[in-house]
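Encoded as C-alpha cells, the structure appears first; notes follow it.
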Amino acid sequence: MSKKIKNYSVSSIIIILSLMLGFNVYAEENTITGSGNIQVKVQEKRVELEKILQTIKEKREAFKTKLELNRVETQVKIEKMKVDFKKNIKKIKNEDKKISAEKILDSVQALNIKLTEQLSDRVNQIENVLVSIESRITKAEEKGLDVASVKTEVEKAKEAIASARTVISTQASKVYEVNITDEATLRVEMKKLRDTFQDDIKGVREQVKQAHIAVRNTATTLAKIPTIDAEVEVKTEVENNNITNNN
C-alpha cells in the first residue's frame, strides 16, 4: 500500500478528530464549571473517543503492514510468472502480438495494485463517517437517549468494513497468468484475462459498497432518534455521492 494516502491518512484523521474533540470538550468544560458529575461525563467521553481513535489507528496500521507484506510476496510471484510467460510467448511468431500480450499482462498487474490501493483508501473514508456517528452516539447517550438500535448498526458496519478489507487484501495478492499454447489460443486467453480481472475488481467494489451502505444505514437509524440533528446523515450522503461518482 502506498505510504502516502492522499487526503485521508490516519495521522490527518486523528489530528482532525482530536481537534474536534478538544474543541467540544473545551466548550463543555467552560459551561459546566462547578458541576462535578458533568465534569466526569466529559472526561469519560474524552477517554471513550480516544479509545475509538486508537483502535482505528491500530487496525489501519495492521492492515497497511499486511498489504505491504502481501505486496512483497506477490511481487516475487509476479516475477516468476513473467519468466514463465516469456517462455510460453516464444511459441508466438508474430512479434506485434507478443509485445501486445506482454503489455496487457503488465497493465493488468499494475492496475490491480492501483485499484486495490484506491479501494483501501475509500474504506478509510467510509470508516471516518462511522467514527463521526459514534461520536454522535456518545453525545446522545449523555442526553439519556436510547441508542441501542444504532449501536447494533454500528457493529454491522464494522463487520462490513472488516469484510471489505479482507477482500481487498485477497485481491491485492492475486497474480494473473495466461496459458498460451499457440497463436490460436492467444486472443482467447488475453480476453479471458481481462474479463477475469474486471469481474474480480467488480466483486471487490461491491464489498466496499456494502460497507458504505452499512454505515449509511447506521446514520439513518441515528437520525430517527428524537433531538438528533441531520449532520451525520448529510455527511454520509456526501460520501455516497463521492463513491457513486468514482465508480
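Every read-out reported here was derived from the displayed coordinates using simple, explicitly stated rules and does not represent laboratory data. Quick caveat: nothing in here was measured; it's all calculated off a predicted structure. Note: ideal-geometry Cβ built from the backbone for every residue, glycine included; neighbour counts use all protein chains shown.
Identify, from the list Ala148, Ala157, Ala172, the residue that is among the hydrophobic types (A, V, I, L, M, F, W, C) and free of Cβ contacts under 8 Å to residues at least 24 places away in the same chain. Spell out how you get there, then give the answer.
Numbers: Ala157 fails: free of Cβ contacts under 8 Å to residues at least 24 places away in the same chain; Ala172 fails: free of Cβ contacts under 8 Å to residues at least 24 places away in the same chain.
Only one candidate passes the filter, namely Ala148.
One residue is enough: does segment 215-224 have a residue meeting the conditions more than 18 Å from Val123 (Cα to Cα), over 19 Å from the mean Cα position of the chain (by Cα) and among the charged types (D, E, K, R)? Steps first, please.
Of segment 215-224, the ones more than 18 Å from Val123 (Cα to Cα) are 220-224.
Now drop any that are not over 19 Å from the mean Cα position of the chain (by Cα), which leaves 220-224.
Then keep just the ones that are among the charged types (D, E, K, R); that gives 224.
Yes, the conditions are met somewhere in segment 215-224.
When residues of segment 114-151 are filtered for being farther than 28 Å from Leu69 by Cα, among the hydroxyl-bearing types (Ser, Thr, Tyr) and within 21 Å of the chain's Cα centre (by Cα), how many remain?
So the count comes out to 2.
Part of a helix (DSSP H, G or I), of a type in the set (S, T, N, Q), surrounded by 15 or more Cβ atoms within 10 Å (Cβ to Cβ) and out of contact with any strand residue (DSSP E or B) (no Cβ under 6 Å at 6 or more places or on another chain) - does that describe any residue in segment 146-160? Break it down stepwise before answering.
Looking only at segment 146-160, we keep the residues that are part of a helix (DSSP H, G or I), and these are 148-160.
The next check asks that each one be of a type in the set (S, T, N, Q); those that pass are 149, 152.
Pick out the ones that are also surrounded by 15 or more Cβ atoms within 10 Å (Cβ to Cβ) and you get none.
No.
Among the numbered criteria (1) more than 20 Å from Thr65 (Cβ to Cβ); (2) buried (at least 17 other Cβ atoms within 10 Å of the Cβ), which one does Val167 miss?
Only one criterion in (1) more than 20 Å from Thr65 (Cβ to Cβ); (2) buried (at least 17 other Cβ atoms within 10 Å of the Cβ) is unmet by Val167, namely (1).
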